[in-house]
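The block underneath contains the structure these notes are about, expressed in structure tokens.
Every read-out reported here was derived from the displayed coordinates using simple, explicitly stated rules and does not represent laboratory data. Everything quoted here is computed from the prediction, not taken from an experiment. When we count neighbours, we look across all protein chains shown, and the Cβ atoms used for this are built from the backbone with ideal geometry, even at glycine.
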Amino acid sequence: MLDIAGGSGALSTTVCHAQPHIAAAIVELPEVAPHTRALLDEQPGGSTIEVIAGDAIAGPLPGNFDLAVMRCFLQLFGPEDIVTALRTARTALAPSGQLAIIGYCLTDDEAGPALALGADLLFLNYYAAGAAYRLADYRAWLKQAGYAEPRLALLGGGMSLLIAKRA
Ligand SMILES: C[S@@+](CC[C@H](N)C(=O)[O-])C[C@H]1O[C@@H](n2cnc3c(N)ncnc32)[C@H](O)[C@@H]1O
């Protein structure tokens, strides 16, 4: 599994703890990667997770992962960078690989869920081009970037999980 923009490594450590057969690597910006490494090394089992310094938008990323995960990442950017990031993630996947996007998504009428609306305000204030986008936007960007059959699950805390196959 490649945890794209994995930050503190919380997602990867949780997944590897729950499913020890999964090998995880995290890609983070070069200035952040040493902090990710240090935080992981403090966690039980964290030292088995590889940290790769890189840019998940510009790439290149190492390849052939079964699963790439982006949690609370795409929301930092505008549509153009999002499609580029999705294309870059695709290069990291094995031919049968899948991409999971976890984050706050708005319904297509932009009326909710309430927590995603709150997150939208946060992203608009925090990031130069960030926002909570609609599910329809993610589906269109995934198609544009070479993914198929997106499936949606609603997670706790107002978050969504979109999983798509590399087309
Ligand atoms: C909101 S945090 C989410 C961290 C983690 N995915 C999580 O859910 O806890 C966004 C992360 O994206 C990373 N990031 C931003 N731009 C990036 C890029 N171009 N390439 C790789 N990582 C990037 C930041 O360093 C930060 O750790």
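With a point put 7 Å past each Cα toward its Cβ, work out how far L155 is from A111 in nm, to one decimal.
Roughly 2.6 nm, to one decimal.
Measure off 7 Å from each Cα along the Cα-to-Cβ vector at A94 and A129, then give the distance between these two points in nanometres to one decimal.
3.3 nm
Please report how far the C-alpha centroid of the stretch 148-167 lies from that of the stretch 83-110, rounded to the nearest whole angstrom.
9 Å
Taking every pair of alpha-carbon atoms in the chain, give the share separated by more than 29 Å as a whole percent. All intermediate terms of the calculation are to be shown ahead of the outcome.
Numbers: 2101 of 13861 pairs.
In whole percent, the long-distance tail amounts to 15.
Taking every DSSP beta bridge with both residues inside the stretch 2-166, roughly what % is antiparallel (nearest 5)? Please report the intermediate quantities before stating the final value.
Details: 12 of 29 bridges.
Taking every DSSP beta bridge with both residues in the stretch 2-166, the antiparallel ones total about 40 percent.
Of the options T91, I4, P34, report the single residue whose Cα projects farthest towards the positive end of the charge dipole of the stretch 2-166 (beta-carbon charges: Lys, Arg +1; Asp, Glu -1).
It is T91.
Quick check for me: using +1 on Lys/Arg Cβ and -1 on Asp/Glu Cβ, what's the dipole size of the stretch 2-166 about its Cα centre, in debye to the nearest 20?
In total the dipole reaches around 460 debye.
If I take every Cα pair under 8 Å that is 6 or more residues apart in the stretch 2-166, average their sequence separation and divide by the length, what percent do I get for the relative contact order? Don't skip to the end; give the middle numbers.
Working: 329 pairs, mean separation 32.4, N = 165.
The normalised contact order for the stretch 2-166 reaches 20 percent.
How large is the helix-only mean residue ellipticity at 222 nm for the chain, computed as the sum of -39500 (n - 2.57) over DSSP H runs with n ≥ 4, divided by its residue count, in deg cm²/dmol to the nearest 500?
It comes out at -9500 deg cm²/dmol, rounded to the nearest 500.
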